[in-house]
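Following: one structure in structure tokens, then a few remarks.
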Amino acid sequence: MSAYPRTRWLARTIRLTTSAWEQRKLGEIASFAKGSGYSKADIRESGVPLFLYGRMYTQYEAAVDSIDTYATPKPGTLYSKGNELVVPASGESVEDIARASAIRRAGIALGGDLNVIYPQNMAVPLFLAYGLSYGSSQKLLAQRAQGKTVVHIHASDLEELNVDLPSVPEQQAIGQFFSQLDSLITLHQRKQPR
């Protein structure tokens, strides 16, 4: 079982309710940018760490702490600050595009075809990544995708997306909880004989 379906199951299984949650448009609590022009052809054995959107379809990481792909630096590169989210700008289906990863390390080159989201202090990137990938916001994100053969989502679509936010400490606790579950499941899958 890949990380994507198992985390979706976890998100559906655990129902967290509190009256302190508020709903906000993502555009009210974040600013947006676009990744720069790196592609798979730019991958090298060394250079600057590089995050490409294809990784989101192979790694299924809600939290990105390390990178194993590199590229030669280019002028105009958008580098991570360590507190942003990335959402694919295109994909083959609405399910593909409705996912997010929290980039938790500074200095990573953010490749092309990525929407980059910089949340304000009231929103925790890891919490938002799980919510946009597996929570109720995931369905809303998928509904905003446009196109038939290739599906696209733009910053203007993301700005209008409603997200539910508890307090910052609760966001941190929820993000860490799911991250620990992901790690535990991955560890047990590695131990199983094949």
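The values are calculated or read from the model by the stated rules, or taken from the named source; none is laboratory data. Fair warning: this is a prediction, and the values are worked out from it, not measured in the lab. All Cβ positions, glycine included, derive from the backbone under ideal geometry; neighbour counts span all protein chains shown. Surface areas here come from the heavy atoms of the whole protein model, side chains and all, with no ligands, DNA or RNA. Shrake-Rupley method; radii C 1.70, N 1.55, O 1.52, S 1.80 Å.
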Mind listing P(r) for the stretch 37-122? All alpha-carbon pairs, 10 Å bins, whole percents.
-> 18, 55, 25, 2
Roughly how many Å² is the accessible area per residue of the chain, as a whole number, for a 1.4 Å probe?
-> 52
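Taking the Cβ of residue 97 as the center, what net charge do the other residues with Cβ under 11 Å away carry, scoring Lys and Arg +1 and Asp and Glu -1?
Result for the local shell: -3.
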Binned at 5 Å from zero, the C-alpha pair distances of the chain give percents of 1, 8, 16, 21, 20, 17, 11, 5, 2, 0
In the Gaussian network model of the chain, springs joining C-alpha atoms below 10 Å, which of 38, 53, 130 carries the largest mean-square fluctuation?
-> 38
Just in the stretch 104-153: which trypsin sites (Lys or Arg not before Pro) are loop by DSSP and have at most 10 other Cβ atoms within 10 Å?
-> 148
Taking K and R as +1 and D and E as -1, what net charge do the other residues with C-beta under 14 Å from the C-beta of residue 148 add up to?
-> -2
Among the helices of the chain (complete DSSP H runs), which have Cα atoms covering no less than 30 Å along the helix axis and a Kyte-Doolittle mean of at least -1.0?
-> 168-191
Calculated from DSSP H runs of 4 or more alone, at -39500 (n - 2.57) each and per residue, what is the 222 nm mean residue ellipticity of the chain, nearest 500?
-> -10500 deg cm²/dmol
Convex hull volume of the stretch 83-194 per residue (C-alpha atoms, cubic angstrom) = 134
Where is the GNM fluctuation largest for the chain (alpha-carbon springs, 10 angstrom cutoff): 85, 161, 128?
-> 161
Which value in Å is the Kirkwood Rh of the stretch 144-194 over different Cα pairs?
-> 14.6
Once amide H atoms are placed 1.01 Å from N in the peptide plane, what residues at a sequence separation of 5 or more from residue 34, or on another chain, have their amide H within under 5 Å of its amide H?
-> 116
With the chain treated as a Gaussian network of Cα nodes joined by springs under 10 Å, which of 174, 103, 67 yields the largest mean-square fluctuation?
-> 67
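Of the chain, which part is the longest with no GluC sites (Glu not before Pro) in a loop (DSSP not H, G, I, E, B) and with at most 15 other C-beta atoms within 10 angstrom?
By the stated rule (loop sites, at most 15 other Cβ atoms within 10 Å), 93-159.
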